[in-house]
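Novice: Have a look at the structure that comes next, please.
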Amino acid sequence: MPRLSATTKQFRMRFELTLRRTWPELFETEMRRVTPEACQAWLQRFENGGSAFLGKRAKQIKTAANSPTTVNGAIAFLQRIFAIGVKAGIVYRNPAQDLERKPARKKLLRLPNRSQFAAIISYIRRQPGWGRIAGDLAEGLAYSGMRLGESHRLTWGHLDFEKGMAAIPGEKTESAPRVVPMTADFRRLVESIKGEVIPDPKARVFRAKECRGSLAAACREIGVSKLNHHDLRHLFATTCIESGVDVPTVALWLGHADGGALAMRTYGHIRPEHSVLAVQKVSFVPSPAQSSIAVNN
């Protein structure tokens, strides 16, 4: 059973409320009386927006709340509950096991280019007070691909400067803890931080717990799409792929256990400026050397 972080547990449990809202009769029915047909009927209603609700701050407009993330989370929760029933001998078959999950919509990542990101970091660092340590965290997330929670757990003892490796203390899944090489930018960053402190092996590398507000202010100032902490992880992966690192290796650095399938779905794109450079390499006309070889043959 993978070790789950508190936020992951909280995320999973929120789907109990989703089920109570979209299928309230379920909680008044004996588990052994719930049929696969009833599960399919619920899913059809849910996917088609038949379970709209009035949001907390909304007055009149109802929300369908049938996004792939919500639907798939509710399916997974339902399947886990009945799996417990099967294990306990309450039911002999999981009636939700054949529910098909909704294809996820591909997120359009609006990431800054290298010059824009440099300007974002420069703006953050110029701010008085917490600007410097917020800049350290923003750069650290972008140069390592760490999740925010992993940056909270990263200590000087996790960094091996002699070998150039970092032991990322992941906690989201079993594959999240990983030992990865430090990128040149990440090593430069942590060495500069190290030069200003006494690096106690148990002390945290990054002092800032978050930099969301700093990122938002910088993006407004620079005139680019708003970034959050997780977007910096996307920026890391995208930059690695555009730099020529193969997808399975990037997936390994991110702590994915699927060999790159998720990374390929998420990062199977390139930024426009990279695309413009790449297309210049495409030619259907043979070079003079190729023409000469063809004639001689």
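The values are calculated or read from the model by the stated rules, or taken from the named source; none is laboratory data. Because the structure is a prediction, the values reported are computed rather than measured. Here the Cβ positions follow ideal geometry from the backbone for every residue, glycine too, while neighbour counts run over all protein chains shown.
Novice: Among M31, M13, which is the only one that is within 17 Å of Q79 (Cβ to Cβ), at pLDDT 90 or above and not acidic (D, E)?
Specialist: Step by step, each of M31, M13 is checked, and only M31 is within 17 Å of Q79 (Cβ to Cβ), at pLDDT 90 or above and not acidic (D, E).
Novice: Can R110 be described as within 25 Å of A216 (Cα to Cα) and free of Cβ contacts under 8 Å to residues at least 24 places away in the same chain? Walk me through how you get there before you give the answer.
Specialist: On the way: within 25 Å of A216 (Cα to Cα): yes; free of Cβ contacts under 8 Å to residues at least 24 places away in the same chain: no.
In short, no.
Novice: Can you find a residue that is closer than 18 Å to C219 by Cα, out of contact with any helix residue (DSSP H, G or I) (no Cβ under 7 Å at 6 or more places or on another chain) and either surrounded by 16 or more Cβ atoms within 10 Å (Cβ to Cβ) or modelled with pLDDT of 95 or more (or both) anywhere in the range 133-141? Don't jump to the end; show me each part of the working.
Specialist: Of the residues in the range 133-141, the ones closer than 18 Å to C219 by Cα are 133-141.
Restricting the remaining residues to those that are out of contact with any helix residue (DSSP H, G or I) (no Cβ under 7 Å at 6 or more places or on another chain) gives 133.
Retained after the next criterion (residues that are either surrounded by 16 or more Cβ atoms within 10 Å (Cβ to Cβ) or modelled with pLDDT of 95 or more (or both)): 133.
Yes, that holds for at least one residue.
Novice: Consider the range 120-130. How many of its residues are surrounded by fewer than 18 Cβ atoms within 10 Å (Cβ to Cβ) and at pLDDT 95 or above?
Specialist: Qualifying residue count for the region: 4.
Novice: Just to verify a result, which residue in the range 146-174, among those that are of a type outside the set (S, T, N, Q), in contact (Cβ under 8 Å) with a residue 40 or more places away in the chain and in contact with a His (Cβ under 9 Å, 6 or more places away or on another chain), is farthest from G213 (Cα to Cα)?
Specialist: Filtering first and then ranking leaves I168.
Novice: Also, I was wondering about something else. Name the residue that is surrounded by the most Cβ atoms within 10 Å (Cβ to Cβ), counting only residues in the range 178-198 that are of a type in the set (D, E, K, R) and touching a residue at least 12 places away in the same chain (Cβ under 8 Å). Reasoning before the result, please.
Specialist: Filtering the range 178-198 for residues of a type in the set (D, E, K, R) gives 178, 185, 187-188, 191, 194, 196.
Adding the requirement that they be touching a residue at least 12 places away in the same chain (Cβ under 8 Å) leaves 178, 185, 187, 191, 194.
Numbers: R178: 18, D185: 15, R187: 16, E191: 12, K194: 14.
The qualifying residue surrounded by the most Cβ atoms within 10 Å (Cβ to Cβ) is R178.
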